[in-house]
Amino acid sequence: MTAQLLVNGLVNAALIAPPAIALSLLFSVLRFPNFAIGGYITAGAFLAYAANAGAGLPLWGAALVAMAGTSLLVWLSDEIVFKPLRGQDPVTLLVVSIALTLIIEHVVRLIYSADVRGFDLPLQRPHRFAGIRITEEQLELLALAAAIAALTHLLLRYTRTGRAVRATADNPVLAEVRGVPTRRIVTAVWVYSGALFGLTGVLAGLDLVIEPLLGWNLTIPIFAAAILGGIGSPYGAMLGAVLVGIAEELTVLVLPSTYKVGVGFFIIAVLLLVRPHGLLGQPEIRK
Amino acid sequence: MTAYLVSMATFVGFFMLLALALNLQWGMTGMVNFGIAGFYALGAYTSALLSVKLGLPLWLAMPAGAVAGLLAGTLVALLSIRLSGDFLAIVTLGFGEFVRLVALNEDWLTEGPRGLKIDARPFADVFSRESYPLVYLGLVAAAVALAFLVAERIRRAPLGRTLRAIREDAVVAEVLGKNVLLHRITVFAIGAAFMGAAGALYAHYVQNISPQVFMPMVAIFIWMSVIVGGPGNNWGLMLGAGLVMAILEGTRFLGDVIDWLDAEKLSAIRVILIGILLIVIIRLRPRGVMPEPRFRYRGSRAAADGSSVNDVTGRGDTT
């Protein structure tokens, strides 16, 4: 029973790790919590749904369409909405991002209504190892999340652009002075995050159901993971995702499962009180 | 038609109460609150449950709604010891969702999604059924007037100057000897009490409350009201609340003109419209339609009471 919950927790973690990494990356270069991620994820799920159930593409093709489409949407949201407000108070940007998520969610509602949907896939019997049930899709999900974590690590650590991203996150003015094209770097981060949000939409659609509130329901665990790890730190986000994912599943042992959503908030509230910079984040120096 | 207008005016009243509260917390003091729906729900459920389950008279139950808001507001504000700005936003949002989850899941108490039916109405036996909606509008208007007076009084008092100082730079206010934490808790709690009172008034007006009403969306409508009106300005937000309601209700009539729009599509369009308008206003008029009057330095008098920090004027272009 507990082993099964741990596995479920890991699957859960694999689902929230990529968007938590993306959220952390975005925060590190833009310095505001972007609540529009819920809208981005929902958009990704429905783009994949349209490509899969609508246009009849296989799921991996639909996932690519969703990643490209969401990247484009996320980039456009920056160009149209966030870029002109650059440098504004984080709270203003937060309000704007919530408005944006509502807009995206309701555009989806306008087109697809609030019905619950699923991808066009054959049903599969779950594998069993030592009494633990896990489906083929969940195994793929775990592998994908690990691959994305590794890819993000390699990009940040060993590529020129990755170094520039870290420099921009550290000190944008200094990076600019040293000749880093910070504007292009920020755009690159938006596009990369967009692809991750799109992929999350597809994976969430596989693991849960596709509906307009899909992204909103994931927003809080994602924020919990990113804040737990220390927002702005992509490595922390991976660790945070594992902890939040397992914590959410384990609470089922003591609380009715309807309160699972509350766990993320509880983690955030306690954590912000005792260690506001998160597990792996740097304390912010106050002037 | 008159009945419709009276009921709309009553709802604008609820919005105004919530917006006045948010303006105290955020507009004047800079404390972000996205859990508006939570405090609103808490007030509504407290008053409703006390009168339905315990049979308490309304003159006790309805103020209890405000007190519940006050207590919850104090607790949430304690979080601001460590948090500011955007992180307080996430925690308050969490508080709001938590209240909604409890209302949704503990159906032995709250009747869950079926909704809680409330029979008791204030002064119901004094006035005739025909005039009752007007009486209730009067009651809500009185509550708005009272909240407005309290908020204006705070704004003009030395306390208001301290709050603006905290909003502009909490560290400077602290250095000047102001107890920032105590001020923050006080103001947040007063605002939360307004929200609780609004909830209680709402509950006994609609006489049936369910968790679906208290979605985080409510917070966006209220933020919209304050931002459109001009943060920090109590008059502006009254205009803002009216405008938001006009958009919410005005779009209802689109359905009569365009026939492929069903109720579900219309409500989606309504939210999209509000969202776009909010973004456009923040872009073009970040200080709102009625910007907060600039605080003027009045020489020795203001300097003597010590609460006027060197420059409390420039909020810049940030909202």
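Read-outs throughout are calculated quantities, based only on the coordinates presented, and are distinct from any laboratory measurement. Note that the coordinates shown come from a computational prediction; the quantities given were computed from them, not determined experimentally. Note that we place each Cβ from the backbone using ideal geometry, even for glycine, and neighbour counts take in every protein chain shown.
Table for the structure above
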read-out: Residue-averaged beta-carbon neighbours from other chains (10 angstrom radius) around B:277-285; value: 4
read-out: Qualifying aspartates and glutamates (Cα of each under 12 Å from Cα of B:K53; at least 8 residues distant if same chain); value: B:E111, B:D119
read-out: Square roots of 5 times each gyration tensor eigenvalue, C-alpha, the protein assembly as shown, largest first, Å; value: 39, 31, 23
read-out: Quotient of Cα Rg and 2.2 N^0.38 Å for chain B, N being how many residues it contains; value: 1.02
read-out: Value of [θ]222 nm, deg cm²/dmol, for chain B, DSSP H segments ≥ 4, -39500 (n - 2.57) each, nearest 500; value: -22500 deg cm²/dmol
read-out: Residues in the stretch A:100-136 that a label on A:A53 would reach, taking backbone N under 14 Å of a point 7 Å out along Cα→Cβ; value: A:109, A:111-122
read-out: In sequence order, calculated HN-Hα J values of the stretch A:103-114 (Karplus, 6.51, -1.76, 1.60; Hz; x Gly/Pro); value: 4, 4, 4, 7, 5, 4, 4, 4, 7, 10, 6, 8
read-out: On Cα atoms only, tilt of A:2-30 relative to the major axis of chain A in degrees; value: 20 degrees
read-out: Residue-span extension gain [B:R283 to B:D259] - 0.36 nm each, minus C-alpha spacing; value: 5.3 nm
read-out: Segments A:171-180, A:18-27 sorted - mean Cβ within 10 Å per residue, highest first; value: A:18-27, A:171-180
read-out: Exercise: per-residue mean of other protein chain Cβ atoms within 10 Å, B:260-272; value: 4
read-out: Local electrostatic count at A:R157 - Lys and Arg +1, Asp and Glu -1, tallied over other residues with Cβ under 9 Å; value: +2
read-out: Qualifying chymotrypsin sites (Phe, Trp or Tyr not before Pro) for the stretch B:234-267 [loop in DSSP, other Cβ within 10 Å: at most 10]; value: B:W260
read-out: Reach of B:K117 by Cα under 17 Å, taken over aspartates and glutamates that are not fewer than 8 positions away in the same chain; value: B:E106, B:D107
read-out: Crossing angle, helix A:182-207 versus chain A [Cα axis fit, 0-90 degrees, rounded to tens]; value: 10 degrees
read-out: Mean Cβ neighbour count within 10 Å, used as a protection proxy, ranking A:88-101, A:146-159, B:191-204, A:215-228 highest first; value: B:191-204, A:215-228, A:88-101, A:146-159
read-out: Per-residue [θ]222 nm for chain A (sum of -39500 (n - 2.57) over DSSP H runs n ≥ 4, rounded to 500); value: -23500 deg cm²/dmol
read-out: Principal axis dimensions, largest first and in whole angstrom, of the stretch A:66-214 by Cα; value: 57, 40, 24
read-out: Zone residues, the stretch B:136-158, relative to B:L176, backbone N less than 16 Å from point 7 Å out along Cα-to-Cβ; value: B:155-158
read-out: Backbone HN-Hα couplings from phi across the stretch B:189-200 [Karplus 6.51/-1.76/1.60, Hz, Gly and Pro as x]; value: 5, 4, x, 5, 5, 4, 5, x, 4, 4, x, 4
read-out: Reach of B:K178 by Cα under 19 Å, taken over aspartates and glutamates that are not fewer than 8 positions away in the same chain; value: B:E168, B:D169, B:D305, B:D311
